[in-house]
Amino acid sequence: MAVLKQRSLNEQAWFEQEPWGAFWEKGYRDLDVSTMGGPSHEIVEIRPALPRGGRVLDLGCGEGRNSLYLASCGLDVTAIDRSPAGIGKLLAICRRAGLDVAGIVSDIVNLNLVEDYDLVMAHGVLYYLSEMEWRDLLTQVKERTRPGGFNAYSVFIFSDAYPRPSEFKSARYTHSFAPGALRDFYAGWEILRYDVYVKWDQHPGIPLHYHPIEKLVARKPGGDGPPAVIERVPVGPERVAPEVFHAVPMGMREEELLALCGEPDEVDTYTLDGLQVGAVTATVEGYGLSLWFYGKTVFYLINRTVWGRSLFTSDPVRLRFSMPGAGAHPA
């Protein structure tokens, strides 16, 4: 019996032996790499509409890519994750950058929120909760969001068309979100984004993999913040063949992508200052995220290098706020 048990352990994928069976823990422990990249573009879009010194709660922050960015903008950020390695890495980056973030090691299921926030965000974590757990948590979050404040989430919804890869099975991904459930939960709020797409990207120690994503940005009624403007990205018909799309590797340079696919219909670029990528030892300060649109095919370039690629089902949009001279906007 002992021999059979040992053989089974030896046959496990390496990430099954990580805390929570989570592949990201390897990247979080490595101070020389960025596991998840820099801030999400929708968070960069929201930032100009947040009040000066506003309060932010980042649930399941990981190594803190969005928390780091918002703290660099002068916001009061609390970042929570159950991973000591993730929180430790975030705090180490903050020390290097001279920023102050309240980093807390905790499971978000056990939270009892007692403060109010201008933004609550959760990227890549809610689908590890049961439906009852995420509904209870987000009910609290909605109550603790100030009028005019924002909730921003990304959830993965694996399906027969895009089945759950082994690394997500190992990390105990639950099928707790039905398509559209997150949007329905925010009925009565202003829905600023509801993006539906499949994204391919790569992380330390993991081959290229996909995420079927539904992304929500919702605004609570009330408040006196600037009005939002939702613009449809002007794109034409699809013109990147599937075999070309799937041949684009992570790390391809901008000029190579241009030679392969031609000029895009549209490019949105977000340019940020300071240390924005989650690696303590990073020597490059400054962050340029570009979204290249070819119809509903999108390539993501960080500092002129392909970091991800997506196929959209929803119409691509961009979000602006009608207040002059605030923050990073698409160029």
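The values are calculated or read from the model by the stated rules, or taken from the named source; none is laboratory data. Treat the numbers as computed from the prediction; the structure is a model and nothing was measured. Glycine also receives a Cβ, built like all others from the backbone with ideal geometry; neighbour counts cover every protein chain displayed.
Could you count how many residues in region 92-115 are surrounded by fewer than 18 Cβ atoms within 10 Å (Cβ to Cβ), free of Cβ contacts under 8 Å to residues at least 60 places away in the same chain and either under 21 Å from the mean Cα position of the chain (by Cα) or part of a loop (DSSP other than H, G, I, E, B) (or both)?
Total meeting the criteria: 12.
Among the residues of region 103-158, write down those that are among the small types (Gly, Ala, Ser) and modelled with pLDDT under 95.
Result: GLY124, single match.
Condition test on VAL235, is it part of a strand (DSSP E or B), aliphatic (A, V, I, L, M) and over 30 Å from GLY148 (Cβ atoms)?
No; evaluated as a whole, the condition is false for this residue.
Of these, ARG65, ARG55, ARG29, which one is out of contact with any helix residue (DSSP H, G or I) (no Cβ under 7 Å at 6 or more places or on another chain), surrounded by fewer than 22 Cβ atoms within 10 Å (Cβ to Cβ) and of a type outside the set (Phe, Trp, Tyr)?
ARG55
Yes/no matrix, rows are residues, columns are (1) surrounded by 12 or more Cβ atoms within 10 Å (Cβ to Cβ); (2) modelled with pLDDT of 95 or more; (3) more than 27 Å from PHE150 (Cα to Cα):
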site	(1), (2), (3)
ALA247	no, yes, yes
LEU260	yes, yes, yes
ASP265	yes, yes, yes
TYR270	yes, no, no
GLN276	yes, no, no
TYR300	yes, yes, no
ASP315	no, yes, no
GLY327	yes, no, no
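Answer yes if at least one residue in region 192-211 is out of contact with any Ser or Thr (no Cβ under 9 Å at 6 or more places or on another chain), in a loop (DSSP other than H, G, I, E, B), touching a residue at least 40 places away in the same chain (Cβ under 8 Å) and closer than 20 Å to GLU42 by Cα, and no otherwise.
No, region 192-211 contains no residue that is out of contact with any Ser or Thr (no Cβ under 9 Å at 6 or more places or on another chain), in a loop (DSSP other than H, G, I, E, B), touching a residue at least 40 places away in the same chain (Cβ under 8 Å) and closer than 20 Å to GLU42 by Cα.
Going by the structure shown, is SER83 polar (S, T, N, Q) and either without any contact (Cβ under 8 Å) to a residue 60 or more places away in the chain or closer than 22 Å to GLY274 by Cα (or both)?
Here the answer is no, as SER83 does not meet what is asked.
Just one of GLY251, GLY222 is in a loop (DSSP other than H, G, I, E, B), farther than 27 Å from GLY124 by Cβ and not acidic (Asp, Glu); which is it?
On the way: GLY251 fails: farther than 27 Å from GLY124 by Cβ.
Checking each option against the conditions leaves just GLY222.
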